[in-house]
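**Student:** Sending over a structure as structure tokens; questions will come in a sec.
Throughout, read-outs are computed from the coordinates displayed, never taken from laboratory work. The shown structure was predicted, so the numbers you read here are calculated from the model rather than taken from an experiment. When we count neighbours, we look across all protein chains shown, and the Cβ atoms used for this are built from the backbone with ideal geometry, even at glycine.
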Amino acid sequence: MATLKEAEGLAELGLHAEAWDTLDSLPAVERVMPSALRVRIDCRSHVNAWRDCMEIAKFLRHGADLNRLAAANFYLELARFCVEHDELAAAKEAVRDFVDTLPDAPRELMNNPLVKLLL
């Protein structure tokens, strides 16, 4: 039977699709745990699951600091993805979500060129 530790290990090795599949095979109660959602959100771009992870980020952004940081990182990656695909309105929304998720973000994060460009 698959475990969260297995999914974490696969993600750390860069085996994102395998990690995603491992998470899918966990019992339902374990799949919705914040630790499992953080692994899933880390695999997002590698398995082209941006929409799924947008929902996960909405959940994580209201949790503990570690969860909020995972959501904020997702929003920055989403903004980059949107810029690369000429979707500037969506990129700006992702940056606003980043700022809303970490309103007290360290100054160096707020000085990120992508954040400054889109705010």
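**Student:** Beyond 12 Å, what percent of the Cα pairs of the stretch 35-86 remain?
**Tutor:** When all Cα pairs of the stretch 35-86 are counted, 58 percent exceed 12 Å.
**Student:** Sticking with this structure for a sec: Compute, for the chain, the length of the dipole vector about the Cα centre, with Cβ point charges of +1 (Lys, Arg) and -1 (Asp, Glu) only. Units Debye, rounded to 20.
**Tutor:** Value, rounded to 20: 360 debye.
**Student:** Counting Lys and Arg as +1 and Asp and Glu as -1, what is the net charge of the other residues whose Cβ lies under 14 Å from the Cβ of D21?
**Tutor:** Charge balance near D21 sits at -3.
**Student:** How much net charge surrounds A94 when only the other residues with a Cβ under 10 Å from the Cβ of A94 are counted, with Lys and Arg +1 and Asp and Glu -1?
**Tutor:** Around A94, the surrounding residues sum to -1.
**Student:** Across every pair of different alpha-carbon atoms, what Kirkwood hydrodynamic radius in Å does the stretch 1-48 reach?
**Tutor:** Mean inverse Cα-Cα distance, inverted, gives 10.1 Å.
**Student:** Among I56, M1, H16, whose Cα lies farthest out toward the positive end of the dipole of the chain, if unit charges sit on the beta carbon of Lys, Arg (+1) and Asp, Glu (-1)?
**Tutor:** Going by the charge dipole, the pick is I56.
**Student:** At q = 0.10, 0.12, 0.17, 0.18 Å⁻¹, what log₁₀ I(q)/I(0) does a Debye calculation on the Cα points of the chain give, no solvent, two decimals?
**Tutor:** One equal scatterer on each Cα of the chain leads to -0.30, -0.43, -0.82, -0.90.
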